[in-house]
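Shown next, in structure tokens, is the structure this report addresses.
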Amino acid sequence: MKLSREEVLHIALLARVGLTDTEVDRLSEQLSNILENFEILKQVDTTDIPPTAQSITLQNVTKNDEAKDSLPPNEILANAPRKDGEFFRVRAVLE
Amino acid sequence: MTTNHNQLTIHEAHRLLKAKELSSVELTNAYLERIRRVEPEVHSMVTITDELALKQARKADELIAAGSNISPLTGIPALIKDNICTKGIRTTCSSKMLENFVPPYDATVIEKLNACGIVVVGKANMDEFAMGSSTENSALFTTHNPWDLSRVPGGSSGGSAAAVAIGEAVYALGSDTGGSIRQPAGFCSVTGMKPTYGRVSRYGLVAFASSLDQIGPLTQNAADCALVLNAIAGYDNRDSTSAPHPTPDYTECLATDLKGLRIGVPREYFVEGMQAEVATAIRTAINELGELGAGVDWEVSLPHTPHALAVYYIIAPSEASANLARYDGVKYGFSYKDAENMWDAMQKTRQYGFGAEVKRRIMLGTYALSAGYYDAYYLKAQKVRTIIRREFDQAFEKFDALITPTSPTVPFKIGEKVDDPLQMYLSDVCTLPINIAGLPAISIPAGFADGLPVGMQIIGKPFSEETLLKIAHAYQQATAWHKMRPNL
């Protein structure tokens with residue numbers, strides 16, 4: 001399984017990770033090697049085997065709907081790169 | 001004050017504090033002094049919280065003076081891995097992305113430890129976002145193994161393990177997604193446990209791979225491990241995968257003989273390419289368990305073990321790619337300022353905020369989850385995950401515990417594997433199947449090969465932490481490997 005430059009760039013776009021040309025080349029090679037190693041799974045017969053998403057056998061965990069105090073906005077916003085009053089400031093989504 | 005206090009176990013420190021032979025302030029000062037002396041060589045700490053530590057120590061001394069009924073952890077210095085949220089203390093995940101992030105809340109484990117009146121001396125270095133096996137992926141600096149400063153301490157909880165080994169803290173917390181507590185514990189010759197998935201709350205642990213992550217203790221011996229586990233285990237309704245099972249007193253299981261215990265040795269864990277001296281050390285340790293009364297079956301087989309690496313490196317990066325989508329430069333963390341528009345800002349924030357390994361795993365996970373590849377990679381891996389779990393279930397019908405090496409080699413040289421991700425991934429080959437199956441496992445010191453630590457891994461069925469502690473404690477009563485400390 002060889003991953004082309006175009007495929008690497010496509011995945012980078014899906015993941016919204018900017019990459020330099022050098023990184024694209026390196027990832028193309030490294031990810032190809034890793035994916036080749038995954039081929040070993042093809043040897044395993046998984047007919048009628050259900051998937052495991054997590055190992056604890058709990059289902060439908062619910063909580064009581066209780067009103068509780070939230071953290072104060074100024075504490076939450078203390079880590080915000082850009083803020084405006086009590087709001088996170090974001091760049092325009094539609095331009 | 002002598003530096004001897006840096007060799008104290010929790011049990012010993014607690015006894016001295018309670019008998020008023022030592023104050024928490026004296027104890028804490030000894031550790032802070034030790035930190036100042038060895039930190040320039042070991043580099044295990046991202047943040048040193050000396051003011052906070054002394055404040056907490058004074059408070060502990062007041063409690064002791066007032067004759068209060070103190071916890072075994074009261075007034076005892078601890079180090080916290082830097083992916084566990086600590087209110088008001090920078091929590092970086094050793095990433096540029098969170099270099100200046102100060103959590104507005106405490107993780108559940110921190111709330112629980114604070115309720116015990118502990119002393120926090122700082123936050124431990126790690127591989128960025130817990131992705132790695134050596135701390136070389138830390139965006140801040142690499143931690144050095146105190147047994148040989150030219151070698152890695154293991155990872156990702158490398159700072160936690162190195163600090164306990166060299167006496168910068170009496171114990172530490174780490175997190176383990178594929179071996180990140182056990183492998184560094186093995187590499188630094190300390191005791192490290194990954195509890196059963198769900199045993200310890202993940203609330204406030206910065207998420208890497210949510211179905212695999214678990215917080216656990218790194219201590220100097222199994223008896224101390226039991227004390228820390230007592231403090232941090234238990235149900236938490238803020239973590240929807242928290243287990244409702246009752247929490248026993250883990251100190252009650254500590255025994256000195258292992259009569260009637262059935263131990264299996266899965267042959268697939270003595271892998272090709274494993275260092276011969278490591279295999280020899282582990283076989284010797286297993287024989288010791290036999291002498292303590294355990295029945296040992298050397299011919300156990302878990303045939304799908306060789307598939308675990310691929311399963312792990314599909315599932316963990318897939319979950320990581322989703323969890324790390326939150327780092328968009330808007331709510332907290334690094335944010336690229338000079339962007340042209342929203343998408344450019346997001347891409348550049350992630351380009352410059354994440355290091356090479358984190359980007360590699362996000363890319364790998366995004367690929368495995370992307371249209372056309374989901375069934376072939378992610379779904380297939382989840383199905384093989386079921387097979388691996390079932391194999392363990394079957395083995396535990398016959399055995400109380402399984403024993404393997406923690407790692408196939410002794411600690412490797414800094415720089416040796418940084419350019420070859422697959423080789424780095426292989427250093428977790430003995431530990432990651434346990435996370436896939438959600439089992440508890442502990443790594444304990446089991447000797448040395450070429451003068452470097454060898455760790456033995458004891459694996460149990462879900463919620464059998466008591467069995468693991470019993471075996472580990474019995475072994476540590478009969479051997480002295482865990483008492484050996486590096487000279488620095």
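The values are calculated or read from the model by the stated rules, or taken from the named source; none is laboratory data. On a predicted model such as this, the values are computed, not experimentally measured, just so you know. Cβ: placed from backbone, ideal geometry, glycine included. Neighbour counts: every protein chain shown.
Can you tell me which residue within the range B:426-450, out of those that are at pLDDT below 95 and more than 27 Å from B:Q394 (Cβ to Cβ), is nearest to the chain's Cα centre (by Cα)?
Out of the qualifying residues, it is B:S427.
Counting just the residues of the range A:83-95 that are out of contact with any helix residue (DSSP H, G or I) (no Cβ under 7 Å at 6 or more places or on another chain) and more than 7 Å from chain B (Cβ to nearest Cβ), which one comes out farthest from B:K331 (Cα to Cα)?
Among those residues, the one meeting the criterion is A:L94.
Which one of these does B:M97 not meet: (1) over 23 Å from B:Y332 (Cβ atoms); (2) touching a Phe, Trp or Tyr at 6+ places or on another chain (Cβ under 6 Å); (3) part of a helix (DSSP H, G or I)?
(1)
Out of curiosity, is B:I414 in contact with a helix residue (DSSP H, G or I) (Cβ under 7 Å, 6 or more places away or on another chain), of a type in the set (A, V, I, L, M, F, W, C) and buried (at least 19 other Cβ atoms within 10 Å of the Cβ)?
Details: in contact with a helix residue (DSSP H, G or I) (Cβ under 7 Å, 6 or more places away or on another chain): no; of a type in the set (A, V, I, L, M, F, W, C): yes; buried (at least 19 other Cβ atoms within 10 Å of the Cβ): yes.
So B:I414 does not fit the description; no.
I'm told B:V384 meets every condition in (1) of a type in the set (A, V, I, L, M); (2) under 22 Å from the mean Cα position of the chain (by Cα); (3) surrounded by 23 or more Cβ atoms within 10 Å (Cβ to Cβ) except one. Can you identify the failing condition by its number?
(2)
Those residues that are touching a helix residue (DSSP H, G or I) at 6+ places or on another chain (Cβ under 8 Å) and surrounded by fewer than 20 Cβ atoms within 10 Å (Cβ to Cβ), I need them from the range B:468-488; list them, please.
Listed by number, the residues that qualify are B:A478, B:T479, B:R485, B:P486, B:L488.
Filter the range B:274-287 for residues that are part of a helix (DSSP H, G or I) and either surrounded by 17 or more Cβ atoms within 10 Å (Cβ to Cβ) or without any contact (Cβ under 8 Å) to a residue 12 or more places away in the chain (or both) and give the result. Please lay out each step first, then the result.
Taking the range B:274-287 first, the residues part of a helix (DSSP H, G or I) are B:276-287.
The answer is B:A276, B:V278, B:A279, B:A281, B:I282, B:R283, B:A285, B:I286, B:N287.
Could you please find all residues in the range B:6-25 being under 28 Å from the mean Cα position of the chain (by Cα) and either exposed (fewer than 15 other Cβ atoms within 10 Å of the Cβ) or part of a helix (DSSP H, G or I) (or both)?
Taking the range B:6-25 as the starting set, the residues that turn out to be under 28 Å from the mean Cα position of the chain (by Cα) are B:6-17, B:24-25.
Answer for the range B:6-25, where residues must be under 28 Å from the mean Cα position of the chain (by Cα) and either exposed (fewer than 15 other Cβ atoms within 10 Å of the Cβ) or part of a helix (DSSP H, G or I) (or both): B:N6, B:Q7, B:I10, B:H11, B:E12, B:A13, B:H14, B:R15, B:L16, B:L17, B:S24, B:V25.
Have a look at A:V24, A:V17, A:V61 and point out the one that is surrounded by fewer than 19 Cβ atoms within 10 Å (Cβ to Cβ), facing chain B (nearest Cβ under 7 Å) and not basic (K, R).
Working: A:V24 fails: facing chain B (nearest Cβ under 7 Å); A:V17 fails: surrounded by fewer than 19 Cβ atoms within 10 Å (Cβ to Cβ).
Testing whether each residue is surrounded by fewer than 19 Cβ atoms within 10 Å (Cβ to Cβ), facing chain B (nearest Cβ under 7 Å) and not basic (K, R) leaves just A:V61.
Enumerate the pairs (first residue in the range B:250-262 and without any contact (Cβ under 8 Å) to a residue 60 or more places away in the chain; second residue anywhere and part of a loop (DSSP other than H, G, I, E, B)) with beta-carbon separation below 7 Å, excluding pairs fewer than 6 apart on the same chain, so at least 6 apart or on different chains.
From residues that are without any contact (Cβ under 8 Å) to a residue 60 or more places away in the chain, the pairs are B:K259/B:G293.
List the number of the failed condition for B:G293; all other conditions in (1) more than 9 Å from chain A (Cβ to nearest Cβ); (2) over 19 Å from A:L14 (Cα atoms); (3) touching an Asp or Glu at 6+ places or on another chain (Cβ under 8 Å); (4) touching a residue at least 40 places away in the same chain (Cβ under 8 Å) hold.
Exception for B:G293: condition (4).
Please specify each residue of the range B:433-466 satisfying the condition of being within 14 Å of chain A (Cβ to nearest Cβ) and β-branched (V, I, T).
Hits for the range B:433-466 are B:I434, B:I436, B:I459.
Which numbered condition trips up B:L379, out of (1) surrounded by fewer than 17 Cβ atoms within 10 Å (Cβ to Cβ); (2) facing chain A (nearest Cβ under 7 Å); (3) of a type outside the set (V, I, T); (4) farther than 30 Å from A:P50 by Cβ?
(4)
In the range B:352-409, how many are in contact (Cβ under 8 Å) with a residue 24 or more places away in the chain, over 30 Å from B:D338 (Cα atoms) and among the hydroxyl-bearing types (S, T, Y)?
The total comes to 6.
Hey, which of the strands (runs of 3 or more DSSP E) in the range B:150-263, taking only ones fully inside, have at least 2 residues that are touching a Phe, Trp or Tyr at 6+ places or on another chain (Cβ under 8 Å)?
B:214-219
Would you pick out the residues in the range B:323-339 that are within 10 Å of chain A (Cβ to nearest Cβ) and either surrounded by fewer than 24 Cβ atoms within 10 Å (Cβ to Cβ) or out of contact with any Gly (no Cβ under 8 Å at 6 or more places or on another chain) (or both)?
B:L324, B:A325, B:D328, B:V330, B:K331, B:Y332, B:G333, B:F334, B:S335, B:Y336, B:K337, B:A339
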